[in-house]
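Every number in this text was worked out from the coordinates using simple rules, so none of it is lab data. For clarity, every value in this text was computed on a predicted model and none was experimentally measured. Cβ placement follows ideal geometry from the backbone for every residue including glycine, while neighbour counts extend to all protein chains displayed.
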Amino acid sequence: MTCVLCPNQSKGVGEHVWPLWLIQDFHGQGPFTTNKAGVAYTKRDGVTPVTAVALPGVHVPMCEPCNSELNRSIEEPVKPVIRALLPWSSNHAWPTITADEAAALARWFLKIGLLAGHPDAVHDNPHVQRDEDFPRFERVEPAWLDWMRTGSAPPADFSVYIAKRDVMGEQHWEGDTQRIFLPTRIMVGDRELGFATRSFGLRGLDVTMVWHPGWPILHPLEEAGRVAALWPDPAPIDFTKLPDVHPREFSFTVGFGTRMMSEAGFEAATQEPLSVTTDPFVQFFGD
């Protein structure tokens with residue numbers, strides 16, 4: 001198969017999206033279940049969750065030079081940061097990370113989110129691999145992957161948010177979910193701007209990445225100090241000051257089809273950030 005980052009031929013199984021060093025850190029912590037939208041994949045009886053002894057992985061076709069570059073520029077810088085962050089008990093001492101460490105986290109989480117949702121991704125869990133409704137990107141923008149191959153910074157049109165979640169188990173949630181709606185696609189003159197989002201969790205942490213080219217976001221939980229932004233402007237983060245956030249408390253939703261706009265119209269529309277208080281119909285389609 002062809003490498004997802006360049007025209008070269010893939011080597012072996014390619015890139016382990018969840019890296020082997022992380023899977024090995026979870027050795028002995030199973031059994032593991034895989035959830036989609038908070039619901040575990042089950043056996044044929046529809047009740048018993050499917051479990052695995054090792055943390056299930058996913059990989060994409062990748063050549064040896066690109067794989068080495070990802071290890072150099074993304075995996076190695078993030079190892080000590082992730083190992084300090086992941087809580088293994090309720091007495092975990094949450095750290096304060098630097099701006100450089102926040103940037104390393106952002107790069108790593110973007111790599112995982114983008115490659116796990118890639119159309120060529122192969123999941124070790126056969127239930128996920130066979131699931132036609134498992135969220136995969138229908139279209140992968142070149143700008144999403146180019147920075148991985150070159151070792152440069154991700155585009156500023158990505159936003160990456162991180163939140164803490166309860167380590168001891170999912171708590172019941174009865175409140176309303178706050179939502180920011182994203183347009184599916186905007187045609188601005190001869191430019192086609194697609195919007196996308198993906199969320200995933202990793203032991204005590206929830207991560208959301210958003211691709212929103214040219215349209216700023218006003219995240220209500222970031223404004224309230226409940227969620228921290230890792231990208232595009234990485235800054236120090238004191239995780240002791242972040243409260244636990246239920247994953248159903250907030251969500252980005254892509255919808256509302258395609259909008260045709262002029263360059264001037266797009267510039268005017270994007271003066272108002274995407275937020276929970278704006279009417280998406282008015283914001284995307286006008287009065």
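Quick notes on this one:
- Length-normalised contact order for the stretch 1-148 - Cα pairs under 8 Å, 6+ apart - percent: 27 percent
- Two-site FRET efficiency, Ile23 against Thr258, from Cβ-Cβ distance with R₀ of 51 Å, rounded to 0.05: 0.80
- Charge-dipole axis of the stretch 1-126 as Lys and Arg at +1 and Asp and Glu at -1 on Cβ define it, positive-most pick from Leu105, Trp94, Ser10: Trp94
- Of Pro183, Pro95, Pro142, the one that fluctuates the most in a GNM where the chain has Cα springs shorter than 10 Å: Pro142
- Note on the chain: GNM, Cα springs under 10 Å; of Glu75, Glu222, Glu263, the largest mean-square fluctuation is that of Glu263.
- Separation of the stretch 1-76 and the stretch 256-283, taken as the distance between their Cα centroids, equals 37 angstrom.
- Amide H partners (placed H, <5 Å) of Asn125, local residues excluded: Gly57
- For the pair Glu267 and Thr33, the difference between a 0.36 nm per residue extended length and the Cα-Cα distance amounts to 79.7 nm.
- Put a plus charge on the Cβ of each Lys and Arg, a minus charge on the Cβ of each Asp and Glu, and nothing anywhere else: the dipole of the chain about its Cα centre is then about 740 debye.
- The chain has equivalent-ellipsoid semi-axes of 29, 24, 21 Å, by the square roots of 5 times the alpha carbon gyration tensor eigenvalues, sorted largest first.
- Counting DSSP beta bridges with both ends in the chain, the antiparallel % (nearest 5): 75 percent
- When DSSP beta bridges are restricted to pairs lying wholly in the stretch 156-287, around 65% turn out antiparallel.
- Applied to the stretch 49-66, the Karplus parametrisation 6.51 cos²θ - 1.76 cosθ + 1.60 on θ = phi - 60° returns per-residue 3J(HN,Hα) values of x, 6, 10, 9, 6, 9, 4, x, x, 8, 9, 10, x, 7, 7, 5, x, 5 Hz, with x for Gly and Pro.
- Stokes-Einstein diffusion coefficient of the stretch 156-287, Kirkwood radius over Cα pairs, 10 °C, 1.306 mPa s, in µm²/s: 100 µm²/s
- The simple Förster model, with R0 at 51 Å and r as the Cβ-Cβ distance, assigns Trp88 and Glu192 a FRET efficiency of 0.70.
- Normalising the average separation of contacting C-alpha pairs (under 8 angstrom, six or more residues apart) by the number of residues puts the relative contact order of the chain at 20 percent.
- Our estimate of slack between Glu174 and Ala40, defined as 0.36 nm per intervening residue step minus the Cα-Cα distance, is 46.2 nm.
- Centroid-to-centroid, using Cα positions, the stretch 111-144 and the stretch 176-199 are 19 Å apart.
- Think of each Lys and Arg Cβ as +1 and each Asp and Glu Cβ as -1; about the Cα centre, that makes the dipole of the stretch 156-287 roughly 380 debye.
- Measuring spread by the Cα atoms of the stretch 1-123 yields a radius of gyration and Dmax of 16.3, 48 Å.
- Most mobile listed residue (Gly113, Gly30, Gly194) in the chain, GNM with C-alpha springs under 10 Å: Gly30
- Per-pair calculated FRET efficiency, R0 = 22 Å: Ala52 and Arg139 via Cβ, rounded to 0.05: 0.10
- Ascending count of other beta-carbon atoms within 10 Å, so fewest first, for Val276, Val53: Val53, Val276
- Mean residue ellipticity, 222 nm, helices only, the chain: the sum of -39500 (n - 2.57) across DSSP H runs of n ≥ 4, divided by residue count and rounded to 500, is -6500 deg cm²/dmol.
- Unit charges at the beta carbon, dipole of the chain: most positive-side option, Thr277, Pro154, Phe26: Phe26
- Ranked by the mean number of other Cβ atoms within 10 Å of their residues, highest first, the peptides 41-50, 7-16 fall in the order 7-16, 41-50.
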